[in-house]
Amino acid sequence: MTQTKIPVDLILESLAQDAEKAQKRVSKASDVLLGPLHSDLAKTPYDIVYEEDRVKLKHYFRPETAENKLKIPLLVVYALINRETMLDLQPDRSVVQTFLHNGIDLYMVDWGYPTRKDRFLTIDDHVNGYINNAVDFIRKKHGIPKINLMGICMGGSFCVMYSSLHPEKIKNLVTTVTPSSFDTDKGLLHVWMKNLDADKMIKTFGNIPADLMNLGFLLLNPARLMIDKYVGFLENMDNKDFVENFVRMERWIFDSPDVPAETFRQFIDDCYKKNLLIQNKMYLGGKRVDLKKLNMPLLNFYGKFDHLVPPEACDQLTKAVGSKDVEDICLETGHIGIYVSSKYQREFAPKIAQWLKARDEEDTPVQKEQPGRKSKAQKQAVASKATNKAKRNSERANKNSPSI
């Protein structure tokens, strides 16, 4: 019986070729990493058209080449966690630019960075305060009774609450990866939040630090979020496009604002622990959030593999609202992939634009006032807004001053 020979010469030749490839790859990676990188994000131009406290309202420039411009503008409300810049990550992965090129007149809320003075702000302040004021600004500017509204994640929950409380101001509602039913153990986040002592966290930190939130999100899936992605980076660090996109994502992930303390407390207690929203038992500003009053068309997106907001937290909304014009779309991706994946860039934003165009009938316009003059109703609205804000500030001060 003949003995099998080991092809030593072939093994050595293969090792030499691998070493040569590795050397070339390291040399190219060095050129990429030490050379200029274009990692800026949110490059689409916009104007700040309204400001209140830390909150800004962005209005994006509409390209003149856009066809079939929509009559009704769209306001996008992002979550209080992370930044809205994710929607404009880079030119070829920009929900913002896709909207603009489809003729959407686009506004977006920039929540800014909360400071210590914001720690007593509640969900009511964000929904019936900042969002309502932004909606009224856009309605007044365009002379229309209703606008389109789109919410993302926690911002989507806020938009659901707002549309239920103010259905007369919203033409169409789009929710994306929006938690509305919190009675699920799918996803580690829901398990954690139901067992979290929000009071102790607030007494310790005041506003919830962004770094603490980011650490918690990373620990939800440490193998993928803390190991795999950096292994992937090492394997592709000679690819300039990959490196630039990786740096953009890292910049976005770690550009996170703190979360106002009382808003965090209420969201944990009323939503995650008591699941009040989907049961029509949640109250904001003394008014019950009744989802049956949400009577406008509703388009609801969520991700099949979302580890933060699983499908079970999203797919109950269309069954709970009063509207008959509802649609659920489940994409086979995760929480962020809906917005930044090159594949879903062709499915997500274009679908929203088409859906809004099909429902772009203009309502009876609101008569615009003459420059420099305000109607009696407008004067009363301004006075009422100031009174309500002062009342909320007084109630918060009385309720919370001893605790923090």
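Among the residues of the stretch 204-224, are any assigned to a helix (DSSP H, G or I), of a type in the set (S, T, N, Q) and without any contact (Cβ under 8 Å) to a residue 24 or more places away in the chain? Yes, some residue in the stretch 204-224 is assigned to a helix (DSSP H, G or I), of a type in the set (S, T, N, Q) and without any contact (Cβ under 8 Å) to a residue 24 or more places away in the chain.
Cβ separations smaller than 6 Å between residues 6+ apart or across chains give the following pairs from the stretch 148-171 residues that are of a type in the set (Val, Ile, Thr) to residues that are modelled with pLDDT of 95 or more and assigned to a helix (DSSP H, G or I): 170/163.
Does residue 182 fit the bill of being among the hydrophobic types (A, V, I, L, M, F, W, C), assigned to a loop (DSSP other than H, G, I, E, B) and on the phi < 0 side of the Ramachandran plot? Taking the combined requirement at face value, the residue satisfies it. Could you say whether any residue in the stretch 61-79 is in contact (Cβ under 8 Å) with a residue 12 or more places away in the chain, open to solvent by 30 Å² or more (accessible area, probe 1.4 Å), outside any loop (DSSP other than H, G, I, E, B) and not β-branched (Val, Ile, Thr)? No; the residues of the stretch 61-79 include none that is in contact (Cβ under 8 Å) with a residue 12 or more places away in the chain, open to solvent by 30 Å² or more (accessible area, probe 1.4 Å), outside any loop (DSSP other than H, G, I, E, B) and not β-branched (Val, Ile, Thr). Of the residues making up the stretch 172-209, those that are touching a Ser or Thr at 6+ places or on another chain (Cβ under 8 Å) and within 28 Å of residue 293 (Cα to Cα) are 173, 178, 179, 180, 190. The set of residues in the stretch 153-170 being under 20 Å from residue 52 (Cβ atoms), over 13 Å from the mean Cα position of the chain (by Cα) and assigned to a helix (DSSP H, G or I) consists of 161, 162, 165, 169. Applying the criterion of being without any contact (Cβ under 8 Å) to a residue 40 or more places away in the chain and either outside any loop (DSSP other than H, G, I, E, B) or open to solvent by less than 50 Å² (accessible area, probe 1.4 Å) (or both) to the residues of the stretch 185-199, the residue that is nearest to residue 311 (Cα to Cα) is 191. Of all residues in the stretch 13-38, those that are surrounded by 10 or more Cβ atoms within 10 Å (Cβ to Cβ) have Cβ atoms under 6 Å from Cβ atoms of residues that are modelled with pLDDT of 70 or more and of a type in the set (A, V, I, L, M, F, W, C), 6 or more apart or on another chain, in 29/237; 32/243. Within the stretch 257-305, the set of residues being of a type in the set (Asp, Glu) and surrounded by fewer than 18 Cβ atoms within 10 Å (Cβ to Cβ) comprises 269, 290.
Looking at the stretch 43-93, which of the residues that are over 12 Å from residue 106 (Cβ atoms) and of a type in the set (Lys, Arg) is nearest to the chain's Cα centre (by Cα)? Once the filter is applied, the top-ranked residue is 83.
Screening the stretch 212-256 for residues that are of a type in the set (Lys, Arg) and open to solvent by 70 Å² or more (accessible area, probe 1.4 Å) and picking the one that is farthest from residue 39 (Cα to Cα) gives 224. Considering only the stretch 113-152, state which residues are within 16 Å of the chain's Cα centre (by Cα) and open to solvent by 30 Å² or more (accessible area, probe 1.4 Å). Once the filter is applied, which keeps residues that are within 16 Å of the chain's Cα centre (by Cα) and open to solvent by 30 Å² or more (accessible area, probe 1.4 Å), the stretch 113-152 yields only 113. Taking the criterion of being of a type outside the set (S, T, N, Q), over 21 Å from the mean Cα position of the chain (by Cα) and not in a helix (DSSP H, G or I), the residues of the stretch 327-365 that qualify are 358, 359, 360, 361, 362, 363, 365.
Given the options 57, 41, 33, name the one that is assigned to a strand (DSSP E or B) and either at pLDDT 75 or above or in contact with a Ser or Thr (Cβ under 9 Å, 6 or more places away or on another chain) (or both).
Working: 41 fails: assigned to a strand (DSSP E or B); 33 fails: assigned to a strand (DSSP E or B).
The conditions single out 57.
Report, by residue number, each residue of the stretch 246-304 that is among the polar types (S, T, N, Q), assigned to a loop (DSSP other than H, G, I, E, B) and at pLDDT 95 or above.
Let us first name the residues in the stretch 246-304 that are among the polar types (S, T, N, Q), namely 256, 263, 266, 275, 279-280, 295, 300.
Next, from what is left, pick out any that are assigned to a loop (DSSP other than H, G, I, E, B): 256, 275, 279-280, 295.
Those that are among the polar types (S, T, N, Q), assigned to a loop (DSSP other than H, G, I, E, B) and at pLDDT 95 or above: 275, 279, 280, 295.
Against the criterion of being hydroxyl-bearing (Ser, Thr, Tyr), open to solvent by 40 Å² or more (accessible area, probe 1.4 Å), out of contact with any strand residue (DSSP E or B) (no Cβ under 6 Å at 6 or more places or on another chain) and at pLDDT below 95, residue 85 does not qualify.
Taken residue by residue, the stretch 179-187 has no member that is at pLDDT below 95 and closer than 23 Å to residue 113 by Cβ.
The values are calculated or read from the model by the stated rules, or taken from the named source; none is laboratory data. Just so it is clear, the structure is predicted and the values come from calculations on it, not from any experiment. Please note: Cβ atoms are built from the backbone with ideal geometry, for glycine as well, and neighbour counts cover all protein chains shown. Calculation scope for accessible area: heavy atoms of the full protein, side chains included, ligands and nucleic acids excluded. Shrake-Rupley method; radii C 1.70, N 1.55, O 1.52, S 1.80 Å.
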